[in-house]
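The structure appears right after this line, and notes come after that.
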Amino acid sequence: MDIQVLVAYATKYGATAGIAEKIGQVLRQQGLRADVLPADRVSDLTPYQAVVLGSAVYMFRWRKEAARFLRANERALAERPVWLFSSGPTEQGDPVQATEGWRLPKALQPIAERIHARDMAVFHGALDPQRMNLIERWMIKNVKAPVGDFRDWEAIASWAAAIADALKKKENP
Ligand SMILES: Cc1cc2nc3c(=O)[nH]c(=O)nc-3n(C[C@H](O)[C@H](O)[C@H](O)COP(=O)(O)O)c2cc1C
């Protein structure tokens, strides 16, 4: 099997990069090839048969590198299976419940629909007040967001394993 997957991500403080690395690791364990790269370092999707794209969420928006990647590569993405994820909430429980059903910035939803994104996952993120600037710290305090690393490695790994399954089935239906 020779399926090459791109896992592209946009991060500010590294939590989303960690999630992307985990996804890449699981895909490789499942026998696929995976490149894990910052979204702004990829300009050509030709080598990839599938793409996973994720971003950290700040004020209900994706980081601009991920939003740009989605817009700039819409045509190539429409020709490949694509999975999207957002990394954000730090509340306990179901992350989509924590975001009240929010999965992707509104402005990007039409693109996700046009490229027929296979899934739009939301994963718990991480907040480290020591690394944030003053305004961010104030905002987090204001909304009483729990601080700490809430990344759910099991949920991330099982999502990645489902991606691997789908791609392997596609190769050998
Ligand atoms: C100022 C600020 C605003 C945030 N806004 C949101 C938000 O709107 N929705 C959300 O789910 N998470 C929000 N978060 C949480 C981050 O998305 C979360 O910490 C994420 O995992 C950070 O990823 P990164 O380390 O890759 O940048 C916010 C965090 C900060 C500091």
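The values are calculated or read from the model by the stated rules, or taken from the named source; none is laboratory data. Not measured: the values here are computed from a predicted model. Here the Cβ is made from the backbone with ideal geometry for all residues, glycine too, and neighbour counts use every protein chain on show. Please note that ligands, DNA and RNA were not included when accessible areas were found on the heavy atoms of the full protein model with its side chains. Shrake-Rupley method; radii C 1.70, N 1.55, O 1.52, S 1.80 Å.
Here are the numbers for the structure shown:
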| read-out | value |
| --- | --- |
| Count of segment 68-89 residues which are within 16 Å of the ligand (Cβ to nearest atom), under 20 Å from SER158 (Cβ atoms) and in contact with a helix residue (DSSP H, G or I) (Cβ under 8 Å, 6 or more places away or on another chain) | 5 |
| Segment 31-47 residues that are under 17 Å from GLY14 (Cα atoms), paired with ones that are among the basic types (Lys, Arg) (beta carbon under 9 Å, 6 or more apart) | ALA39/ARG63; ALA39/ARG68; ASP40/LYS64; ASP40/ARG68 |
| Tally, over segment 111-141, of residues that are more than 21 Å from THR99 (Cβ to Cβ) and touching a strand residue (DSSP E or B) at 6+ places or on another chain (Cβ under 7 Å) | 1 |
| Among residues of segment 97-130, those that are within 12 Å of the ligand (Cβ to nearest atom), more than 16 Å from GLU74 (Cβ to Cβ) and within 13 Å of the chain's Cα centre (by Cα), counted | 5 |
| Lone unmet requirement of (1) in a helix (DSSP H, G or I); (2) farther than 30 Å from VAL147 by Cα for VAL26 | (2) |
| Subset of segment 43-89 [in a loop (DSSP other than H, G, I, E, B), open to solvent by 70 Å² or more (accessible area, probe 1.4 Å) and more than 11 Å from LEU6 (Cα to Cα)] | SER43, MET59, PHE60, GLU79 |
| Selection within segment 1-34 - open to solvent by 10 Å² or more (accessible area, probe 1.4 Å), over 18 Å from ASP152 (Cβ atoms) and either under 14 Å from the mean Cα position of the chain (by Cα) or within 12 Å of the ligand (Cβ to nearest atom) (or both) | LYS12 |
| Within segment 136-147, considering residues that are not in a loop (DSSP other than H, G, I, E, B) and not polar (S, T, N, Q), the one farthest from the ligand (Cβ to nearest atom) | LYS141 |
| Candidates ASN133, ASN172 - the one that is open to solvent by 30 Å² or more (accessible area, probe 1.4 Å), more than 13 Å from the chain's Cα centre (by Cα), within 9 Å of the ligand (Cβ to nearest atom) and of a type in the set (S, T, N, Q) | ASN133 |
| Residue within segment 148-161 that is open to solvent by 80 Å² or more (accessible area, probe 1.4 Å), within 16 Å of the ligand (Cβ to nearest atom), in contact with a Ser or Thr (Cβ under 9 Å, 6 or more places away or on another chain) and in contact (Cβ under 8 Å) with a residue 40 or more places away in the chain present | yes |
